[in-house]
Amino acid sequence: MGPGGFRPPSEAADKLREPKPKSFCDVPGYVRRLVKSFCQRLGYIIKLVWEAKPSLLIIMVIMAVFNGVSPVISAYISANLLNKVAEVILLETADFALVSAILLPAMLLQFGYMFLVGLINSVSNMVTRLSGELVGNRVKQRIMDKAKTIDLSSFDMPEFYEKFENASREAGNRPIQVIRATFSIVSTLISALSFVVILAAVAWFAPLVVVFLSLPSAIITFWYRKRNFNYMRRRSIDRRQMAYYSDTLVNKDTVKELKLFGLSDTFIFNYNKVFDRYFGGIKRLTVGEGIWSICISLVTTLVNCALFFYIAYTVTMGSGKIGDYSLYTGALTSIAAAVASMVTTVSTIYEGSLFIDNMIVFMNEKQRIIPSVSEPRKVAKHSAHTIEFKNVSFRYPGTQRDVIKNMSFTVSPGDTVVLVGLNGAGKTTLLKLLTRLYDPTDGVVLLDGHDIKEYDVSSLYDMYGVIFQDFGKYAFSVSENIAFGDVGRELDAERVKEAARSSAADEFIECLPDGYDTPLMRVFDKNGIEPSIGQWQKLAIARAFYSDSDVLILDEPTASLDAIAEQEIFNQLDKLREDKTTFFVSHRLSSATMASKILVVDGGVLAEEGTHAELMAKKGIYHNLFTTQANRYVAEHAENESRIN
Ligand SMILES: Nc1ncnc2c1ncn2[C@@H]1O[C@H](COP(=O)(O)OP(=O)(O)O)[C@@H](O)[C@H]1O
Ligand SMILES: [Mg+2]
């Protein structure tokens, strides 16, 4: 366990981590496993880049080889030029032709080569920039593809957000960074080895000294990279909190309250508080690493100075050529630089590959809402269905309380079911179980006599047309917002209008500047319109009507509608009743009077079941709720009457 008590975000992360060796004999195996998992991560990254664009990978390999040999060639060319200059000095001649003949070819070579290096550098920058974007995009695609398949239950857990944040934060730029670093290692290795060969002529031990000197630096760097990674992963919560505070400040839905309650400063204050905490950790890590590296570089400088002196001494005693001094000291400097850069680069790869873990952990997020049988059933569409709950109990993941308790009921084809119950009774949860957004903790939900788990999930979802209380509002056009109810088919303008008519949305749509083509919301389009919440609700209901579904589920769809609009929608539902099963949640119990079945949910229990007449006769919860509401209406009515008179 690292300093600060690093806790992995999930079991999956645990599996990715190598257990520490317990005894000395374990060490080789441990190292082998480490290298293996490192190579696996590297392979994963290379695959990502290859998927993004194969040609980029090939160009990068070519660049890496060139960058490797280039410093050696350039050192030879410079040394050659220096030696020529020295030769000219020794000649002590003023003959222009002779001097030019000696110097010019060497000069041309030097500058020609510099131009080539510049050219390759430009291309390399271009490739890096482009490949960065492409690979970032590729990773984003993968994350979106994965997000598509993630169960709703995952969204109830903070760990999931942590995994998602960790995966998407760095995964965009880390792969390309790791690839570049890997290639730069290849280049550095090639050039460092060549310089070692060159330097061996005068000071064979110098490279060893350099490598030995780099060890403390390597250890410190690796240690800090690991700490940095752990810190970043652990503090995902800080970043998510900061994002939450700053997003809330510019969120259209919350900004009204923030202004009127004067909450903005509270949010900014909280943001700063979290930032200070987050920054404190980063500062400690960065300063700590900085101090170490200053100390190390002090020692390194002293030793290098001694080595330079040794080379100067050897060269003056030997060939005495100035170019040779330049070549050997250049070689030494390059080796030192190469070793230093190797330490940084390897640690970058190491850290980058750790960050890739985050992505792998996210990609491994388990999907549980899948068919329980190997050959899933398809739902027979365009027919009426029987739905049965058999002793269904449910608690939300990560909680201890049953929200649905041992519920059993049957809904026959063509039924209109109204769910009645107080807030928090479990009505919405029941609908989530019915549609298999969640699986029951106990019991089964049967569709046409078979467990819904046996059905193909998308075929099952296709059968439902659902509008939840917190329905989606999309920044698309009016007709697209409606047609999202059935994306499987091409947008049918007539059907869109028909659906809008059924949900009483047609009236306001026709008054819009561009009718059905009017863009909604004003985030992207200055001509966009912002419907009122009741208008949004009508659009959402239109979406349900548009869907080619057999079971229509409307969860408090009329809460924001006026009584007349609600009545119109009921009439439409009545018309649909023939070939569809409808579930309806409403607090206005007048809607229940026409239902073929009323389910009264009370504290997660199915308290009463029957038609309006049956339940009124029973004089239980429903009777109580209904008479309270009816009395209120009657009282209001009487009051209005007396005011008028
Ligand atoms: N995602 C969730 N995680 C944990 N508890 C939840 C979640 N959603 C709802 N609940 C709880 O389940 C209970 C029933 O909620 P819900 O079905 O939405 O009630 P209703 O729709 O009848 O108002 C409530 O106590 C609520 O707090
Ligand atoms: Mg609800």
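With the simple model of a label 7 Å out from the Cα in the direction of the Cβ, GLU614 to VAL444 spans 2.4 nm. Each Lys or Arg adds one and each Asp or Glu subtracts one; over the other residues with Cβ under 15 Å from the Cβ of THR518, this totals -3.
Seen against the Cα atoms of the chain and their longest principal axis, helix 174-203 is set at about 10 degrees.
The relative contact order of region 376-521 comes to 23 percent, based on Cα pairs under 8 Å that sit 6 or more residues apart. With the radius of gyration and the Kirkwood radius both derived from the Cα set of region 8-363, what is their ratio Rg to Rh? Reported Rg/Rh, Kirkwood definition of Rh: 1.09. Near the amide H of ILE553, within less than 5 Å, lie the amide hydrogens of GLY465, VAL466, ILE467, PHE583, all on another chain or at least 5 residues away, with H placed in the peptide plane.
Each of PRO531, ALA499, CYS511 was scored by the projection of its Cα onto the charge dipole of region 472-547, and the greatest displacement toward the positive side belongs to PRO531; charges sit on the C-beta of Lys, Arg, Asp and Glu. Using the Cβ of HIS587 as centre and a radius below 13 Å, the other residues enclosed give a net charge of 0, where K and R count +1 and D and E count -1. How high is the relative contact order of region 537-585? Use alpha-carbon pairs under 8 Å, at least six apart in sequence, and give a whole percent. Taking the mean separation of contacting Cα pairs over the length of region 537-585, I get 51 percent. Along the chain, the exposed loop sites are GluC sites (Glu not before Pro) outside DSSP states H, G, I, E and B with at most 15 other Cβ atoms within 10 Å, and the longest stretch free of them is 93-489. Dipole check for the chain: with +1 at the C-beta of Lys and Arg, -1 at the C-beta of Asp and Glu, and the Cα centre as origin, the magnitude is about 2780 Debye. Each Cα pair under 8 Å and six or more residues apart adds its separation to the average, and for region 8-363 the resulting relative contact order is 33 percent. With helices as the sole contributors, the chain gives -22000 deg cm²/dmol at 222 nm; each DSSP H run of n ≥ 4 counts as -39500 (n - 2.57), and the sum is divided by every residue.
With q set to 0.13, 0.22 Å⁻¹, the log10 of I(q)/I(0) for region 162-266, from the Debye formula over equal scatterers at the Cα positions, is -0.75, -1.17. Relative to the dominant Cα principal axis of the chain, helix 563-576 is inclined by about 90°.
Counting only alpha carbon atoms, the long axis of helix 96-149 and the longest principal axis of the chain meet at about 20°.
Between the listed residues SER191, PHE222, LEU307, the Cα displaced farthest toward the positive end of the dipole of the chain, a dipole computed from Cβ unit charges relative to the Cα centre, is found at LEU307. Measuring between alpha carbons in the structure, the pairs from LYS473/LYS497; LYS163/LYS473; LYS432/LYS575 lying more than 21 angstrom apart are LYS163/LYS473; LYS432/LYS575. On the beta carbon distance between ALA312 and GLU92, with R0 = 22 Å, the FRET formula returns roughly 0.30. In a solvent-free Debye calculation with one equal scatterer on each Cα, what is log10 I(q)/I(0) for region 214-369 at q = 0.09, 0.11, 0.16 Å⁻¹, listed in the order of the q values? Per q value, in the given order, log10 I(q)/I(0) is -0.56, -0.71, -1.00. Listed by chain and number, the lysines whose C-alpha is less than 29 Å from the C-alpha of LYS619, apart from same-chain residues fewer than 8 away, are LYS390, LYS405, LYS427, LYS597.
Subtracting the Cα-Cα distance of ARG284 and LEU189 from 0.36 nm times their residue separation leaves 30.9 nm of extension gain. For region 472-547, how big is the tail of P(r) above 17 Å, as a whole percent of Cα pairs? In whole percent, the long-distance tail amounts to 33.
Coordinate-derived values only; no laboratory data. Small disclaimer: the values here were computed from a predicted structure and weren't measured. Because the Cβ atoms are built from the backbone with ideal geometry, glycine has one as well, and the counts that use them run over all protein chains shown.
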